[in-house]
Amino acid sequence: MRTTFFQKGILCTVMTLLIVLLGSICLNAEEVCKFAYKGKPERFHNDTMVVPDEMVAMSEYLYAPPSTDLANDTLYQPAIMFVIDYSGSMMGNDGNDPEQARTRVPSKLLDTLYKEAPLAEVGISLWAGELKFNRDDDPYKVECPGEKGGYCPLLQLNKTYPPDNKTGYEILKWYLQDNGNYISYFQGGYSLNGTNIYTGFQASKHAFTNTERVKEKHFNIFFSDGAPSDPRPNPNIFAEAEKVATTFTIFFGATSAPAILNTFTENVQTNGYSALNPKSDMWSILNVGIDTLYNFITKNVLNNILLDGYEIPFEMSVNGGQNVNNWNNDSTGFLFPQLFPLRGRHTDFTFALQYHKRRIYVDQNTGQIDTIDTDTTHNIAFGVEVDPNQGQLPDSLWDVKCWNRELGFYYNGTQVTTVDETMTPLEVRFTFEPGDARYNYTKASIEVGNTSANGRDLETITLTKNGNTFTGTFDLAVIDDAASPTQNDNTLQHYAIDNLTGVFRNDEDPKLLLDTLKIQIPFDFGGTIEVKKAYYFDNNAEGYVDSIYVEATTNISGGLTNAHIQEMVQKALELPGFRGFSIQNSGVAGNGLFLKVREDQSRDPQTFVTNDDKLTVKSVVLSAGGQVEAKSIAIQDKVAPIIHWNKKSALLADYKVSGKKDTLGVKFSEAIKKVSAEEPFYFLARSNNNTYSVKLREVAQPKTDSMVFEVSSVN
């Protein structure tokens, strides 16, 4: 059986803070609670408590009220219906009940109940073919749905009722008086013919739906003398005994009852209406006196009804654990040293609850009330189901106490909802408020991780407590998509497109498995810097590289900055080693960067590039944001060739030979395809340092790095 609880008139849901980021749910603040049922735990034996999903544990304080407070409590007091066959076969000297024991014995039982259990409720279902409470002016009559006539409802014996302010005891005694008015009052023009047992028990079942007494305290005392004869709706349908309370049957007129009554009794015993239904029984009597029948019912029926008497708890254990015996009469419960965790959607519990028991016993010979003190143990098994759709548990029945927790990531003391690659180390905080549960955490650790399918990293960060806050730090590192994270190094390695997660799990003693908290926020990656090209320049035309331009594409907001350039030069760029470069300066240039360099000039200048002239770019995450993409690119040549500085690199020939044109042979620092200008060089006169030009015409190209020119004119 699944029992749910909703507070009357109120639908209350506990809201948690939901932050939706990149399609993920981030729970970073949430209230959790413990609970206890205020009533007797026996209420849930073989049943299920259904609680909202903020519940993580059953309380360390568990209620165990005494079974009955004879002065005040009514919940566990008996509710008894007299179900009386008033058909013609019971009437007169020729009937099976000539002394009207079916009404006079209940009247005597009322006297005993009123004296010893004044909070008991008693009602009457009187019937033959139909229900016999038919007078419209009867202020106490209750109509029975689907049946003709009515019945006397369950009335508390010591309680007064309008309009005459008579007690329930007085009203019931009048109904059960053994004089001629009784018959005439109830007959009301209805025939006494027929035995419609179904109708009699329909009234009983309706009566029990209108009482607060627990089902284990619902009882029928049934008087009849024959098999059912009225066909409405089917004479034997009553024997199915559906939803019939514990029933004690007195059969008049034979030494054995009809088989259908045996079937009825067996079905009542097994219908599961209450834990006491198996005590249901039936007896056949013949020609016994009022006193004899009263004594028999007192011993075999009333003593069963009053069997539980008054119980005071004195010891309790949960799930077979250590017993506690600190029951407090003021708060009516036991205090355990710890909470009882819920383990998931469904958790099973067992209670062993020991009582000092005082049983009321009526001596059948003397009529005296005796008490017998014994100890008894109630073994109670039930489940707790966590249901997100369950509303707030009503305060009248449940003791719910809550506390709050919050989980967040912080950088430089400020909480962040996104993380970029510059935020390292990062702080994680777990904060709690004890609330009315007064719950205290003594330790906390957080599992931080990433979510990328490329690879998962998971680091456990042990936090330090300061008041109601736990805190700890860890490093972040962006890795290449092809790389795998290294775990347990206190550095959370993640990818450019990724999320950061943090998970708290209650690891106190005992562990509260449902007390978890998760936060997930995205990495706001700065972007990727990709180097596209690189060029050598010789700005002073001396044959050595003095400037390198690096062209790059960026996805960084605002583009490259000097901070990006400086870190790239230090960490990401590797120049060709054979040239012996030293970097003099660097800076932003357009959508790239420039490097002012000095080349090792102890070697001959090399104004051309080879396969060794490569720029190596390392994958680096920049502290200013962004990541440099790893690659290797060939550096392009923007350096002009120079005349080789050897003294023989420029030779004038035939300038003294008559009839021949003067020629000039030049050796360059690299191979020359052609010279397109007639005046490629300027010459300096030795005498006065004046410059003059010579127009030349290409004559021969014997070597790739040498040219021969014919002098056509000199200015």
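Below are the figures for this structure:
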read-out	value
Test: residue in region 559-566 that is without any contact (Cβ under 8 Å) to a residue 12 or more places away in the chain and exposed (fewer than 14 other Cβ atoms within 10 Å of the Cβ)	no
Among (1) at pLDDT below 90; (2) aliphatic (A, V, I, L, M); (3) crowded, with 24+ Cβ neighbours inside 10 Å, the one test that Leu192 misses	(3)
Subset of region 664-675 [assigned to a loop (DSSP other than H, G, I, E, B) and surrounded by 12 or more Cβ atoms within 10 Å (Cβ to Cβ)]	Ser669, Glu670, Ala671, Ile672, Val675
Residue satisfying all of: in region 229-287; surrounded by 21 or more Cβ atoms within 10 Å (Cβ to Cβ), part of a loop (DSSP other than H, G, I, E, B) and not small (Gly, Ala, Ser); modelled with the highest pLDDT among these	Val244
Residue satisfying all of: in region 455-472; open to solvent by less than 80 Å² (accessible area, probe 1.4 Å) and hydroxyl-bearing (Ser, Thr, Tyr); nearest to Tyr410 (Cα to Cα) among these	Thr471
Qualifying residue in region 339-350 (condition: aliphatic (A, V, I, L, M), closer than 29 Å to Lys217 by Cα, surrounded by 14 or more Cβ atoms within 10 Å (Cβ to Cβ) and out of contact with any Cys (no Cβ under 8 Å at 6 or more places or on another chain))	no
Positions within region 684-715 being open to solvent by less than 60 Å² (accessible area, probe 1.4 Å), among the hydrophobic types (A, V, I, L, M, F, W, C) and assigned to a strand (DSSP E or B), in sequence order	Val694, Leu696, Ala700, Met707, Val708, Phe709, Val711
Unmet criterion (only one of (1) of a type outside the set (Lys, Arg); (2) under 22 Å from Ile305 (Cβ atoms); (3) open to solvent by 40 Å² or more (accessible area, probe 1.4 Å); (4) in a helix (DSSP H, G or I)) for Leu75	(4)
Failed item in (1) surrounded by fewer than 17 Cβ atoms within 10 Å (Cβ to Cβ); (2) at pLDDT below 95; (3) small (Gly, Ala, Ser), with Gly543 passing the rest	(1)
Residue within region 593-608 that is farther than 22 Å from Ile642 by Cα and polar (S, T, N, Q) present	no
Test: residue in region 631-654 that is of a type in the set (A, V, I, L, M), assigned to a loop (DSSP other than H, G, I, E, B), out of contact with any Pro (no Cβ under 8 Å at 6 or more places or on another chain) and more than 30 Å from Ala496 (Cα to Cα)	yes
Among the candidates Asp515, Asp538, Asp509, residue that is crowded, with 17+ Cβ neighbours inside 10 Å, under 28 Å from Glu459 (Cβ atoms), charged (D, E, K, R) and in contact (Cβ under 8 Å) with a residue 24 or more places away in the chain	Asp515
Tally, over region 559-582, of residues that are of a type in the set (Lys, Arg) and either assigned to a strand (DSSP E or B) or farther than 23 Å from Gln606 by Cβ (or both)	1
Set Lys661, Lys656, Lys618: member being of a type outside the set (Phe, Trp, Tyr), closer than 30 Å to Ala483 by Cβ and either open to solvent by 40 Å² or more (accessible area, probe 1.4 Å) or modelled with pLDDT under 80 (or both)	Lys618
Within region 370-434, strands (runs of 3 or more DSSP E) holding 2 or more residues that are open to solvent by less than 40 Å² (accessible area, probe 1.4 Å)	398-411, 426-433
Residue list for region 194-228, filter: part of a loop (DSSP other than H, G, I, E, B), of a type in the set (Asp, Glu) and under 27 Å from Leu75 (Cβ atoms)	Glu212
Residue count, region 29-63 (criterion: over 23 Å from the mean Cα position of the chain (by Cα), among the small types (Gly, Ala, Ser) and assigned to a strand (DSSP E or B))	0
Yes/no for Lys660 being among the charged types (D, E, K, R), outside any loop (DSSP other than H, G, I, E, B) and more than 60 Å from the chain's Cα centre (by Cα)	no
First in region 137-156 and in a strand (DSSP E or B), second anywhere and charged (D, E, K, R) and crowded, with 22+ Cβ neighbours inside 10 Å, Cβ under 9 Å, 6 or more apart	Gly150/Lys132; Tyr151/Lys132; Pro153/Glu121; Leu154/Glu121; Leu155/Glu121; Gln156/Glu121
Region 212-227, residues that are at pLDDT 95 or above and within 50 Å of the chain's Cα centre (by Cα)	His218, Phe219, Asn220, Ile221
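The rows are residues; the columns are (1) of a type in the set (Val, Ile, Thr); (2) farther than 27 Å from Met58 by Cα; (3) out of contact with any helix residue (DSSP H, G or I) (no Cβ under 7 Å at 6 or more places or on another chain).
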{"residue": "Asn262", "(1), (2), (3)": "no, yes, yes"}
{"residue": "Thr265", "(1), (2), (3)": "yes, yes, yes"}
{"residue": "Gln269", "(1), (2), (3)": "no, yes, no"}
{"residue": "Ala275", "(1), (2), (3)": "no, no, no"}
{"residue": "Lys279", "(1), (2), (3)": "no, yes, no"}
{"residue": "Lys299", "(1), (2), (3)": "no, yes, yes"}
{"residue": "Leu302", "(1), (2), (3)": "no, yes, no"}
{"residue": "Pro313", "(1), (2), (3)": "no, no, yes"}
{"residue": "Val324", "(1), (2), (3)": "yes, no, yes"}
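The values are calculated or read from the model by the stated rules, or taken from the named source; none is laboratory data. Since we're looking at a predicted model, the values are computed, not measured. Here the Cβ is made from the backbone with ideal geometry for all residues, glycine too, and neighbour counts use every protein chain on show. Heads up: the accessible areas ignore ligands, DNA and RNA and are worked out on the full protein's heavy atoms, side chains in. Shrake-Rupley method; radii C 1.70, N 1.55, O 1.52, S 1.80 Å.
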